[in-house]
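The structure appears right after this line, and notes come after that.
The values are calculated or read from the model by the stated rules, or taken from the named source; none is laboratory data. As the structure is a computational prediction, the values presented were derived from the model and not from experiment. Here the Cβ positions follow ideal geometry from the backbone for every residue, glycine too, while neighbour counts run over all protein chains shown. These accessible areas exclude ligands, DNA and RNA; they are computed on the full protein's heavy atoms, side chains included. Shrake-Rupley method; radii C 1.70, N 1.55, O 1.52, S 1.80 Å.
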Amino acid sequence: MTTPQIVKPEAIESTLIAIWEQLAKENKMRACLFNLIVFNRYSSRTDYIRNIVQKVIEKFPCRLIFISEDPNPHAPYLKTAVSVIMPQGPSSTIACDHIDIGVAGNESARVPYVILPHIIPDIPVTLLWTEDPCIPHPLFEPLSKLCHRIIFDSESADNLLAFSKTVLSLKQNSKVDIADLNWARTEGWRDLITSLFDSSARFEQLKRLSVIKIAYNGKPTEFFCHLKIQSIYLLSWISSRMNWNFHKADKNLHFEFEGIQASIESTEWEKIGPGTIISVNLTTATKEHFDCIRIKERYHYVSIQISSEEKCDLPYQFLLGQTATGGSLVNEICMKGTSKHYLDMLKHLEVLDKDKLC
């Protein structure tokens, strides 16, 4: 990355042009597949957010507009800086623009006007909103009007029920596409369960399900503390697809559906992300067992063991995909539209979480 240059807002484009005139002599090629706007409040997660955004740029060069709001300023301010990022390292011929905006206090009202002239037309605009959408913010509406797709991270939500209602309302009242990083983080397990019951005989077994147990990594970090969300999402997705009738739940995350007992529990693993699902165990009313657990030595693989009272199949492995920082954001940027399964899952979540268990 070139050294960031602090400039006045009106000098952003002219400064970038000057930087590119110099880089053209080094055979650097300007690349931009989409505009990526990131909004973040300064916190212990800021460096983490910048890191996952860097992972995106390494795969998909874009014009990055990174907005950082200071929640505890001494005085209002708006500062802008520009640089050029070489995603693949200094030797790469591909590079892209980075516009950094620091803001505090009532100066935030100027941000949309600063951004608008620097959005490259005729290519998509994606907004990564890293804060809780349930908390009103003066920048959310103007920024959302500029974009085609909004990506949330439900990790930022203090109340999962309120989060689901907010996202569903936003989708209902606007044409913007919606995505969620925690939903993307469950994709591998959703694919596994879909493949596990992909025949009519297996699907009949799924309809006889009587017990489901989900375990997740309960080891928190300074970036992740709402660790149950991915497991709740997976359970809500399964129950929404199967149209299970929910009866009750308790504070220990034991759920009772009609004829089905479900539970979510935590364990601790060192080498995978906090909140990551570790295992899913399914048992039918006729004592068929589907035990799926990550392999500790190769944690992006799951060992699957299927058995019954009469037989035990040979175990096999399923590749979930390499767990990597920023991978969920990359997945959601690649997707188009809003997942109907995701919206159905959120609607079902309102039933599961009516007592604010999550």
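Exactly one of (1) over 25 Å from the mean Cα position of the chain (by Cα); (2) open to solvent by less than 20 Å² (accessible area, probe 1.4 Å) is unmet by K207. Its number?
For K207, the failing item is (2).
Can you name the residue in the range 258-276 that is at pLDDT 95 or above and over 22 Å from the mean Cα position of the chain (by Cα) and is also farthest from G218 (Cα to Cα) among such residues?
Among them, the one singled out is I260.
Look at S169 and say whether it is open to solvent by less than 20 Å² (accessible area, probe 1.4 Å), in a helix (DSSP H, G or I) and either without any contact (Cβ under 8 Å) to a residue 60 or more places away in the chain or not acidic (D, E) (or both).
Criteria not met by S169.
For the range 172-188, what are the residues that are open to solvent by 50 Å² or more (accessible area, probe 1.4 Å) and among the polar types (S, T, N, Q)?
Q172, N173
Kindly provide the set of residues from the range 149-166 that are surrounded by fewer than 16 Cβ atoms within 10 Å (Cβ to Cβ) and touching a Lys or Arg at 6+ places or on another chain (Cβ under 9 Å), ordered by number.
N159 - this is the single residue of the range 149-166 that is surrounded by fewer than 16 Cβ atoms within 10 Å (Cβ to Cβ) and touching a Lys or Arg at 6+ places or on another chain (Cβ under 9 Å).
Can you tell me which residue among D132, D122, D191 is touching a Phe, Trp or Tyr at 6+ places or on another chain (Cβ under 9 Å), open to solvent by 20 Å² or more (accessible area, probe 1.4 Å) and either in a loop (DSSP other than H, G, I, E, B) or assigned by TED's automatic domain parsing to the domain that holds L329 (or both)? Walk me through how you get there before you give the answer.
Numbers: D132 fails: open to solvent by 20 Å² or more (accessible area, probe 1.4 Å); D122 fails: touching a Phe, Trp or Tyr at 6+ places or on another chain (Cβ under 9 Å).
Step by step, each of D132, D122, D191 is checked, and only D191 is touching a Phe, Trp or Tyr at 6+ places or on another chain (Cβ under 9 Å), open to solvent by 20 Å² or more (accessible area, probe 1.4 Å) and either in a loop (DSSP other than H, G, I, E, B) or assigned by TED's automatic domain parsing to the domain that holds L329 (or both).
Just to be sure, is E58 more than 29 Å from the chain's Cα centre (by Cα) and either closer than 23 Å to R185 by Cβ or loosely packed, with under 15 Cβ neighbours inside 10 Å (or both)?
When the stated conditions are applied, E58 does not pass them.
Pairs only if they're at least six apart or on different chains, beta carbon under 7 angstrom, first in the range 148-165 and closer than 17 Å to L234 by Cβ, second in a strand (DSSP E or B); list them, first residue then second.
These pairs meet every condition: S154/D180.
Would you tally the residues in the range 82-95 being touching a residue at least 12 places away in the same chain (Cβ under 8 Å) and open to solvent by 20 Å² or more (accessible area, probe 1.4 Å)?
The qualifying residues number 4.
Kindly indicate whether any position in the range 32-40 is open to solvent by 30 Å² or more (accessible area, probe 1.4 Å) and touching a Pro at 6+ places or on another chain (Cβ under 8 Å).
yes
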